[in-house]
């Protein structure tokens, strides 16, 4: 039998922080998803996929990379992409560099949809997050979140941003 380390129970302050983080992870996506569904009929996942493709070079990205960035399974992403293809916002094309991969390419109509959706989404983010914080708190939250992401994300990177440390 091997020795096991003693359990490191959370302090009262750590427990408060953990519960606040858990509540944030639970309720912020619900709030942002509700705004997008009400204003645009699309989910937060759909918006996020569209916006990430729009920010990719030539408005195209490997679907496997997009799945990683959006934290969707390939199966879930495939359903999302199929719905967006029916709307004419995205195309699936073979990767010219490696035919084993498929790219998601944003159409001009898809770019217009992102441009149309972005102001409402950004305002919802402003209201839910940044209107609640001082500039100093916002910076501290970003730094703390980035450190946690480095520890838990497979890539160690904040989504859509290159690693800076």
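All of 35, 14 fail the test of being surrounded by fewer than 17 Cβ atoms within 10 Å (Cβ to Cβ) and either farther than 30 Å from residue 98 by Cα or touching a strand residue (DSSP E or B) at 6+ places or on another chain (Cβ under 6 Å) (or both), apart from 14.
Please specify each residue of the range 113-136 satisfying the condition of being surrounded by 12 or more Cβ atoms within 10 Å (Cβ to Cβ), without any contact (Cβ under 8 Å) to a residue 12 or more places away in the chain and assigned to a helix (DSSP H, G or I). Result: 123, 127, 130. Scanning the range 72-106 for residues that are in a loop (DSSP other than H, G, I, E, B), out of contact with any strand residue (DSSP E or B) (no Cβ under 6 Å at 6 or more places or on another chain) and surrounded by 13 or more Cβ atoms within 10 Å (Cβ to Cβ) yields 72, 87, 89.
Tell me, yes or no, whether the range 43-62 has at least one residue that is free of Cβ contacts under 8 Å to residues at least 40 places away in the same chain, in contact with a helix residue (DSSP H, G or I) (Cβ under 9 Å, 6 or more places away or on another chain) and either exposed (fewer than 11 other Cβ atoms within 10 Å of the Cβ) or farther than 29 Å from residue 156 by Cβ (or both). No - not one qualifying residue is present in the range 43-62.
Every read-out reported here was derived from the displayed coordinates using simple, explicitly stated rules and does not represent laboratory data. Computed from a prediction, not measured in an experiment: that's the story for all the values here. Positions of Cβ are generated from backbone atoms using ideal geometry, with glycine treated the same way; all protein chains shown enter the neighbour counts.
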